[in-house]
Amino acid sequence: MTDYSEPTVTLAGGPKMPLLGFGTWQISDAEATAATTAALEAGYRHIDTATGYQNEAGIGKALAAGGLSRDAVFVTTKMPPDHVGRERQTLEESLTKLGLDRVDLWLVHWPPNKEATPQAWEQFIAAQQEGLATSIGVSNYSLDQIDELISATGVAPAVNQIRWSPAIYDAEVASGLAERKVVLEGYSPFKASNLEDPTLVSIAEAHGVNAAQVIIAWHVRHNFVVIPKSTKPERIVSNAAGATVELTADEVAAIDGLSN
């Protein structure tokens, strides 16, 4: 059986995060069990959800039925920005729905009121210290907002999950996160892309794959975490196979250039 637990990126403190994950945004709770089961059967070992997706319970059913050890699957969830002041309660509710005693990664989903909000980050640090979240991070934060969290608490987010694709690739953002030792995780890799772009299509044809698979391969080659989403089992399998496509340096550079 194919297993995409590798390749990984090492997070602050040592935990390893699979570069390929299964995204579940806009998958209903009713659909989430079957979709997550299909992803686990396809070899995904990283599942991304959020309180705001309202599908944690459905995902929890798939995790419970999947027969995999807790350490075999990396699970991320996120706190809505309007839950500041209810951080611990929010995480406990997520853990109950997911059927877990800890998540591998807990993110602030958006900057609350468009601000860094160090007081919320302090509660995330406390949850990590208690073992409720192995790693903690943010989503949709700017570099300046990340710096504000670091200066206020001394703790950098392990991850910043942002909208990301070849078409919106920003080398300054990528290098800025790397300098801060914050892992870049991209979401909506296909929605933010033109799958009919001639560069992507020609590279795909050269490898005997499709453009979506090339986009996944581009993320992996850059050490960006990527979380493609689908509810169709055949697409779930196909997307994952992109992680095994080995792009050349010239191909990666050509794809980087699509954002110009």
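Numbers for the structure displayed
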| item | result |
| --- | --- |
| Extreme residue, positive dipole direction of the chain, given options Leu184, Thr36, His46 (C-beta unit charges) | Thr36 |
| Helix-only [θ]222 nm of the chain, DSSP H runs n ≥ 4, -39500 (n - 2.57) each, per residue, nearest 500 | -12500 deg cm²/dmol |
| Radius, Kirkwood style, for the chain when every pair of distinct Cα atoms is counted (Å) | 18.4 Å |
| About the Cα centre, charge dipole magnitude for region 1-99 (Lys/Arg +1, Asp/Glu -1 at Cβ), debye | 160 debye |
| Percent accessible area from carbon and sulfur atoms, the chain, protein chains only, probe 1.4 Å | 49 percent |
| Square roots of five times the Cα gyration tensor eigenvalues for region 106-260, Å | 32, 17, 12 |
| Accessible area per residue, Å², the chain with all protein chains present, probe 1.4 Å | 43 Å² |
| Listed residues Val209, Trp110, Pro80: farthest to the positive end of the dipole of region 78-210 (Cβ charges) | Pro80 |
| Semi-axes of the equivalent ellipsoid for region 1-79, Cα gyration tensor, largest first, Å | 20, 15, 10 |
| For the chain, size of Cβ-based charge dipole, Lys and Arg +1, Asp and Glu -1, in debye | 480 debye |
| 3J(HN,Hα) from dihedral phi, region 150-166, Karplus parametrisation 6.51/-1.76/1.60, rounded to Hz, x for glycine, proline | 5, 5, 7, 10, x, 10, 8, x, 6, 9, 10, 8, 9, 5, 7, 5, x |
| q = 0.24 Å⁻¹: log10 I(q)/I(0) that the Debye formula gives for region 179-249, counting C-alpha atoms only | -1.12 |
| With DNA, RNA and ligands ignored, accessible area of His222 (1.4 Å probe; Å², nearest 10) | 50 Å² |
| Residue-wise HN-Hα coupling along region 86-101, computed from phi with Karplus coefficients 6.51, -1.76, 1.60 (Hz; x: Gly, Pro) | 10, 4, 4, 4, 4, 5, 4, 5, 4, 4, 4, 5, 6, x, 10, 9 |
| His46 long-range amide H proximity, modeled H, under 5 Å | Phe22, Phe74 |
| Under 5 Å, built H, 5+ apart or other chain: amide partners of Val9 | Met17, Leu19 |
| Estimated vicinal HN-Hα couplings, Hz - region 114-124 in sequence order (Karplus 6.51, -1.76, 1.60; Gly, Pro = x) | 6, 10, 4, 6, x, 5, 6, 4, 4, 6, 5 |
| Spatial extent of region 212-260: Rg and Dmax, with the Cα atoms as the point set, Å | 11.3, 34 |
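The values are calculated or read from the model by the stated rules, or taken from the named source; none is laboratory data. Keep in mind that what you see is a predicted model, and the values were worked out from it rather than measured. So basically every Cβ, Gly included, is an ideal-geometry build from the backbone, and we count neighbours across all protein chains shown. For the accessible areas, the whole protein counts, side chains as well, though only heavy atoms, and no ligand, DNA or RNA atoms are used. Shrake-Rupley method; radii C 1.70, N 1.55, O 1.52, S 1.80 Å.
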